[in-house]
Amino acid sequence: MANDRPQTSLERFLPHREGADALSDRVRLLLVRTLYTQPTSLAIGAANGAVSSFAAAYLSGESSLYVLAAVLTAIAAARVVMAFYLPARSGAGDARTLETAYEIGAFAYSAVLGVFAAATLLLELPYGIDLLMAANALGYGVGICARNAGRPFIALGQLLLVVMPMILVCLWLGGFAMYLLAANMLLLLPAMSSITLNVFRVLRDSIAEAERSQELAVRMQVLARTDVVTGLANRAGLNHALVETLVELPVDGALGLFWIDLDRFKEVNDLLGHQVGDRVLAEIGRRLRASLPAGDTVARFGGDEFVICTRVADKRACEKIAALIQGEITRVIRLDGERLEMQASIGIACLPEDGKDADALMKAADLALYHAKANGKNQASFFDGSMTRDLMRRREIEAELRLALQRDELSIFFQPIVDLDTGNIRTFEALVRWFHPEKGELKPDEFIPVAEESGVIVALGNWITAQAARAAAQWPADVTLAVNLSPLQIKAPGAALGILNALKAAGLDPRRLELEVTESLFLEDSPVVRGFVEQLSAAGVQFALDDFGTGYSSLAYIHNWPFSKIKVDRSFVSGPHVGKKSDAIIRAVSQMAATLDMTIVAEGLETIEQVQAVRDAGCTLGQGFYFSRAVPDYLAAMLLAQERNTDVHSLTG
Ligand code: C2E
Ligand code: CA
Ligand code: CA
């Protein structure tokens, strides 16, 4: 650091400011502050100087000494006042000002004290006045070197100014004792220089060391709060930022908390690899950060989730921010020539309406996010009180599901899958039903996801397969049974063997079982899944790809896995997207299936028009309310009996 102050003649005369210019501003400030610590010691010294000098003036009766005593006391008083008020007022950048202010006072005081002591020697006063003042001045000069070692230039300057007038007077007076005294005082200079500089070095190094370790600690803390992939705050950083934001928020301030979850990010990771996944996260993180003011918190909450906390005026402002976030995320991402289109679900919670602290806000935003996802993703949901009730219902369902099996509240219903040419039932799909004593009939869409999350699905799935197989064993041999399998069930140890054992116990030929799976199962090419499919295929079990068209809809799965059936999702048959496009898709899939020797099932057929449309498009099988809803086992048996004009009892008996 360059010293931009011109050197004074005093500075040229005094030892060079030891290493001062190599100091960082922070260390310099800390050292300068040591000058101002213990202002009381300064006050005691000042009082002592005032009393001694006035005593000397009084005892001697010299008017010139009265003048010097007055000047000395005035300087001392000004310095004491300064020592109490200046450091408190000045900020961290004021090291130079503080130092100069101290310097002026210190040099002035020392010079006057030195001149005073020299004058008493020169005037050869009685009653030991010269001894009083010389001892005073020397004591001050030596003591100050220790006290002000933090700024050696000042310390040694003060010593020099105190002793120099006395040395000159001793030399002027002459005589052995006086020469010896002058020599003694002269020797004080190198001796005190060496002591002061040593103390200074120790002080400077320990302050610098403390500074360095504090800096390091700060850097480590920053690292611990930063996410490596995106450079945004991580979970710890978010917690810290939230607490800070809440502390700084005015009493009537409002906040918006946005919890963002990327839709289908797992597929990007699984299909394109984790490296690409990380780059997508980094790009989205960068966009979010850039689109929001610097004061807002943008954090990655682990996985594919981000959290944003921002000051807002009201709900309308939140809506705008949510739209902005969606816009940034859905904008095409280009990576090495690949075009990626991402979408996100967002849960929004507002302070103070939805929660008063960080914890409550996060919980509310999490619930809102859960809703956004459950409602079909790619949307933003504001928290509202009913979401807490929904969550409680889920918790209840989770708790009661384990008991439902034992209490016999579950049963299996069967929905026919019909040949669209002949109208004959070819398969029954087993669909689970839960008749709750208080809540009434619960939909599988409500409790199957809960069963999956809680792991109950494994026990539940085994029970369903066993029950359904027992019913199916009673049907004519050409009617097959379709059972839905959740990916979690398949990944459970011994899954394939469990199914084969259930078939054996029920006496159902494995070739009459068809397992309906969704493509999410094949996203990762897991050896467990492959083993499961191979083991069951070898035993003759068939596989159907369920809900085709709702997921990633990659045709690759169809080639790589032994499906005998593709079930086109009911959104292609009824619902808002039906039209030429869905028709064309069914046609294309049907053609491909025909060449691969697979059958196509159209789901959700409710009207004769829909039946005709899918048949024209090339589907060979159909399922839906137009034919029949899912019915209990005895009604399924009756449907078969009616169709075959046979006596029901001969089938079920
Ligand atoms: P999914 O496998 O796609 O089953 C077809 C769903 O569509 C059934 O709903 C069925 O009742 C309904 N459906 C059939 N025809 C029509 C129609 O014409 N119109 C309309 N609007 N809907 C129709 P359900 O029984 O509520 O089952 C919903 C989902 O729950 C199933 O979808 C399946 O994913 C899951 N699920 C049902 N039972 C089981 C099971 O035993 N195990 C597992 N793992 N999942 C099951
Ligand atoms: Ca199904
Ligand atoms: Ca389906």
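Among all positions in segment 533-556, there is no residue which is in a helix (DSSP H, G or I), on the phi < 0 side of the Ramachandran plot and of a type in the set (Phe, Trp, Tyr). Counting just the residues of segment 299-326 that are in contact with a Gly (Cβ under 7 Å, 6 or more places away or on another chain) and among the β-branched types (Val, Ile, Thr), which one comes out farthest from Gly253 (Cα to Cα)? Checked segment 299-326; the qualifying residue farthest from Gly253 (Cα to Cα) is Ile321. Just give me the residues in segment 418-433 being farther than 17 Å from Phe625 by Cβ and surrounded by fewer than 22 Cβ atoms within 10 Å (Cβ to Cβ), in sequence order. If the condition is that a residue be farther than 17 Å from Phe625 by Cβ and surrounded by fewer than 22 Cβ atoms within 10 Å (Cβ to Cβ), then Asp419, Asp421, Thr422, Asn424, Arg426 are the ones that fit. The single condition among (1) within 16 Å of ligand 3 (Cβ to nearest atom); (2) crowded, with 17+ Cβ neighbours inside 10 Å that Leu503 does not satisfy is (1).
For segment 150-177, the set of residues classified as in contact (Cβ under 8 Å) with a residue 60 or more places away in the chain and out of contact with any Cys (no Cβ under 8 Å at 6 or more places or on another chain) consists of Gly150, Arg151, Pro152, Phe153, Ile154, Gly157, Leu160, listed by residue number. Hey, could you check segment 506-521 for residues that are assigned to a helix (DSSP H, G or I) and within 16 Å of ligand 1 (Cβ to nearest atom) and say which is surrounded by the fewest Cβ atoms within 10 Å (Cβ to Cβ)? Per the stated criteria, the residue is Ser520. For segment 213-331, the helices (runs of 4 or more DSSP H) that sit wholly inside it and include 3 or more residues that are over 11 Å from the mean Cα position of the chain (by Cα) and closer than 19 Å to Asp354 by Cα are 235-248, 315-330. The residue pairs whose first member lies in segment 204-219 and is at pLDDT 90 or above, whose second member is surrounded by 10 or more Cβ atoms within 10 Å (Cβ to Cβ) and among the basic types (Lys, Arg), and whose beta carbons are closer than 8 Å, counting only pairs six or more residues apart or on different chains, do not exist in this structure.
Residue pairs whose Cβ atoms lie under 6 Å apart, separated by 6 or more positions or on different chains, with the first residue in segment 501-526 and within 18 Å of Trp463 (Cβ to Cβ) and the second among the acidic types (Asp, Glu) and within 12 Å of ligand 1 (Cβ to nearest atom), are Glu516/Asp546. Only one entry in Glu400, Glu353 is more than 16 Å from ligand 2 (Cβ to nearest atom), over 21 Å from the mean Cα position of the chain (by Cα) and in a loop (DSSP other than H, G, I, E, B), namely Glu353. Pairs meeting the criteria (first residue in segment 433-451 and farther than 12 Å from Ile397 by Cβ, second residue of a type in the set (Ser, Thr, Tyr), beta carbons under 8 Å, at least 6 apart or on different chains) are Arg433/Ser411; Phe435/Ser411. Among the candidates Val578, Val483, the residue that is in a loop (DSSP other than H, G, I, E, B), of a type in the set (Val, Ile, Thr) and either more than 20 Å from Gly618 (Cβ to Cβ) or more than 16 Å from ligand 2 (Cβ to nearest atom) (or both) is uniquely Val578.
The values are calculated or read from the model by the stated rules, or taken from the named source; none is laboratory data. Values in this document were obtained by computation on a predicted structure and should not be read as measured data. We place every Cβ from the backbone using ideal geometry, glycine too, and count neighbours over all the protein chains shown.
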